[in-house]
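The values are calculated or read from the model by the stated rules, or taken from the named source; none is laboratory data. Computed from a predicted structure; not experimentally measured. Reconstructed Cβ throughout: ideal geometry from the backbone, glycine too, with neighbour counts over all protein chains shown. What goes into the accessible areas is simple: the full protein's heavy atoms, side chains included, and nothing from ligands, DNA or RNA. Shrake-Rupley method; radii C 1.70, N 1.55, O 1.52, S 1.80 Å.
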Amino acid sequence: MVQAPERLIGAEVKRKEDPRLITGQGTYVDNLKFVGTAYLAILRSPYAHARIKRIDASRARVHPKVLAVFTGEDLRRDGIGSIPVGWLLPDIKLPPHYPLAVDKARYVGDGVAAVVAEDRYSAYDALSLIEVEYEPLPAVVDQEAATRPGAPQVHDEAPNNICFKFAMVAGDVNRALAEADGVVRQRIINHRTSGSSVEPRAAVALYQPATGELTLYNTNQNPHLIRLLLALTMNYPEHKIRVIAPDVGGGFGTKIYLYPDEVVACYAAMKLGRPVKWVETRSEYLRATVHGRDHITDFEVAYKRDGTITGLKVTTYANLGAYISPFAPLIPTFLYVPMLHGPYKLPNVSAEVYGVFTNTTPVDATRGAGRPEATYLLERMVDLVARELNMDPADVRRKNVLEPFENYQTPLAFVYDSGNYPATLNRALELVDYARLREEQRRLREQGRYIGIGLSTYVEVTGAAPSQVAVSLGAQAGLFESAIVRVHPTGKVTVFTGSHTHGQGHETTFAQAIADEFGISIDDVEVVHGDTDAIPFGLGTYGSRSTPVGLTAAYIAGQRIIEKATKIAAHLLEAAEADIVFEGGRFFVRGAPERAVTFQEVALEAYVPRKIPADLELGLEATAFFNPSNFVFPFGTHVAVVEVDPETGQVKLLRYLAVDDVGRVINPMVVDGQVHGGVVHGIGQALWEQVVYDEQGNLLTGTWLDYAMPKAPDLPSFQTDRLETPSPVNPLGVKGAGETGTIASTPAVVNAVLDALAPFGVKHIDMPLTPERVWRALQAARGQG
């Protein structure tokens, strides 16, 4: 009997895509070369708020290398509309967002004109030849200040700059506050950050006048959504547009959207009849690519003397920037407020969120998107309650964390699919030897050294679904995912997925799971993504959805193939279909395993029929659209250990442990990589990263010299561990893993720093916890500041 191959699901398989990428053989948008390519550059406003009185491009147009100059009026006159919003809320204000500003510039970096030239350098040189007469207007950058009477108005359509108000209530928070043994009140600022992907945004647009076909190559996370938004913006037939996302050097949420620059590139290609390339500079990335986070929040938390938390009241001002980015309304509403319950038995919660326009770069999803903001609030809440009660933060978590469950209805909308929160908490405390750590902390304090231990017990929501519910709540697209699985005559397999990869390793994990399903070698499975002409309509990759939704669609298609292949095998083996068993890549007769045919033999019969009857459809291919019945909810506990120098405020991260439960794990090595990257992202926000504007709306962190990023020498080796609580939502039992590290690490590190500073009486410092901020807090606590 032929030995069945080892199971691939759960195995540490090296990433298939890495040899191509690490040897410089990847194909990114800027690597693409087309005959006759012209180059696009965007003239951006130097003012945060200004009326555009006049644009004189006459000098630029006579530049010998310049092919065209376009303004917002040119595009609007030719029928180019406003970029659509992808999530609508009741009474939301929807001011237009044209690809180039028409009447006003509303943030530093707002595009006001475009130049197309024979080469990249000439295009940028010609920008200086365009004369724009601006009338500077008062600007507002603080979202809370923007709502006050007399604040500068970003859009006439949104009085007091309020785009929307969103509220949810569970239980009776006011009663909980009134009956509490104690109440903690705190303002926290979850500051603005940049996604900072290694590859900036880029686009190449090609137009074929003879057929009317428009092709856009761009750095995106969801080609079909980009095609849909582009069709709506340009008022152009969707089936005439092809969008291709080749290799993408990181997205982190910032490449979900259709951006103005890409619309301008397409418009220019259609006007000129030649390929047009646009590649963002690093400084443009910081000015014009969407930012993330940026919440100002006041909260009140009610608690009992034994550490039980009974109520939470939240008011948040969410900065949307100057325009509504396509999915911005979703982030501080349905991805934030329902997660304010977290992993805890919190019966009474109320939250109000104001989405506010300001004269800043638009804000949308950045890795985690709403979940990091909620988790940061909750984990600071727990530590502040522990401080007031002089309890250990671990004990407060144990007191309040939910017991193990399947399908838990939270007070705030969501039904958690499965969870064992005490298990990950206890496992993390065990692995760091928590009692010994606390003893070491006490001993070192006696020596004048201040280490801190920070915990973060989190739950997050991934794989958003179902589509019907999402659409009823405001989504302008479904949240399903699609796949075609094609078995070739030789038994090789191609998976066409609507998901997209930009560093996550889908080419490996998808191939791994389908190879495991069919009992074949992973080298016999190819994964195709990123081309709207090749793949079924899909929603792409964001919100840690690719495995629980995209891979599940492929798995379901695979099950349909096995069902059909079983019929074929029954004819080949001259046995009843009910007696056929498929296992380890072989179809055999139950009770007689020596009577068998291989997966490859069945595949050949499907295309070169010898024994199957004429009424059995030939070929071996299946399509599946998976529309999950619920979200999936990964969870875990992270622990950070830091040392703070009280003389300089310098924070040194000594140790970091992540214990996560992301359901069934396809490839542990890939999950570890996702966790490592996410943890670094979250640590960066806690300690270094911040987008900063002055009061006039000037961007002060407009280069990588000013926007501080984490570096390898700043970080310890991470320790990872995991438990597996399968999800009942999908047949693979999987959950998302790409954002867990970012969600958990920020509060873990902040809590650790503030734990180190506890002897000085410092209770809270707003992020990022730079040496200067820590030093100033210490000086203030000592009465010297």
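Which residues, counting only those in the stretch 550-569, are open to solvent by 10 Å² or more (accessible area, probe 1.4 Å) and over 10 Å from residue 602 (Cβ atoms)?
Hits for the stretch 550-569 are 555, 556, 559, 560, 563.
Of everything in the stretch 182-205 that's closer than 16 Å to residue 313 by Cα and among the charged types (D, E, K, R), which residue is farthest from the chain's Cα centre (by Cα)?
Among them, the one singled out is 185.
Within the stretch 132-161, which residues are open to solvent by 50 Å² or more (accessible area, probe 1.4 Å) and not in a loop (DSSP other than H, G, I, E, B)?
133, 135, 136, 159, 160
Return only the number of the condition from (1) aliphatic (A, V, I, L, M); (2) part of a loop (DSSP other than H, G, I, E, B); (3) open to solvent by 30 Å² or more (accessible area, probe 1.4 Å) that residue 665 does not satisfy.
Residue 665 satisfies every listed condition except (3).
Here are 374, 394: which of them is among the aliphatic types (A, V, I, L, M) and closer than 18 Å to residue 740 by Cβ?
374
Taking the residues in the stretch 35-51 that are farther than 18 Å from residue 261 by Cβ and in contact with a Phe, Trp or Tyr (Cβ under 9 Å, 6 or more places away or on another chain) as candidates, determine which candidate is surrounded by the most Cβ atoms within 10 Å (Cβ to Cβ).
So the residue we want is 48.
For residue 653, indicate whether it is among the aliphatic types (A, V, I, L, M) and either at pLDDT below 95 or part of a loop (DSSP other than H, G, I, E, B) (or both).
It is false that residue 653 is among the aliphatic types (A, V, I, L, M) and either at pLDDT below 95 or part of a loop (DSSP other than H, G, I, E, B) (or both).
When the residues of the stretch 232-247 are narrowed to those that are of a type in the set (A, V, I, L, M, F, W, C) and open to solvent by less than 10 Å² (accessible area, probe 1.4 Å), which ends up nearest to residue 504 (Cα to Cα)?
If we take residues in the stretch 232-247 being of a type in the set (A, V, I, L, M, F, W, C) and open to solvent by less than 10 Å² (accessible area, probe 1.4 Å), then 245 is nearest to residue 504 (Cα to Cα).
From (1) in contact with a strand residue (DSSP E or B) (Cβ under 7 Å, 6 or more places away or on another chain); (2) at negative phi; (3) surrounded by fewer than 19 Cβ atoms within 10 Å (Cβ to Cβ), pick out the condition that doesn't hold for residue 403.
(1)
Quick one: would you say residue 205 is part of a strand (DSSP E or B), over 27 Å from residue 746 (Cα atoms), touching a residue at least 40 places away in the same chain (Cβ under 8 Å) and not hydroxyl-bearing (Ser, Thr, Tyr)?
yes
Quick test for you: out of 177, 129, pick the one residue that is surrounded by 13 or more Cβ atoms within 10 Å (Cβ to Cβ), touching a residue at least 24 places away in the same chain (Cβ under 8 Å) and closer than 23 Å to residue 51 by Cβ.
The match here is 129.
Can you name every residue in the stretch 406-425 that is touching a residue at least 60 places away in the same chain (Cβ under 8 Å) and either of a type in the set (Ser, Thr, Tyr) or open to solvent by less than 40 Å² (accessible area, probe 1.4 Å) (or both)?
Of everything in the stretch 406-425, those that are touching a residue at least 60 places away in the same chain (Cβ under 8 Å) and either of a type in the set (Ser, Thr, Tyr) or open to solvent by less than 40 Å² (accessible area, probe 1.4 Å) (or both) turn out to be 410, 412, 414, 416, 417, 418, 419, 421, 423, 424, 425.
Tell me whether the stretch 468-476 contains one or more residues that are touching a helix residue (DSSP H, G or I) at 6+ places or on another chain (Cβ under 6 Å) and either open to solvent by 30 Å² or more (accessible area, probe 1.4 Å) or part of a loop (DSSP other than H, G, I, E, B) (or both).
No, that holds for no residue.
Let's see how each residue does on (1) within 16 Å of the chain's Cα centre (by Cα); (2) open to solvent by less than 20 Å² (accessible area, probe 1.4 Å):
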{"position": "687", "(1), (2)": "no, yes"}
{"position": "712", "(1), (2)": "no, no"}
{"position": "723", "(1), (2)": "no, no"}
{"position": "738", "(1), (2)": "yes, yes"}
{"position": "744", "(1), (2)": "yes, yes"}
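For residue 623, work out the one condition from (1) open to solvent by less than 60 Å² (accessible area, probe 1.4 Å); (2) assigned to a strand (DSSP E or B) it doesn't fulfil.
(1)
Give the number of residues within the stretch 345-361 that are small (Gly, Ala, Ser) and in a loop (DSSP other than H, G, I, E, B).
0
How many of the residues in the stretch 629-644 are touching a strand residue (DSSP E or B) at 6+ places or on another chain (Cβ under 8 Å) and not in a strand (DSSP E or B)?
Count: 4.
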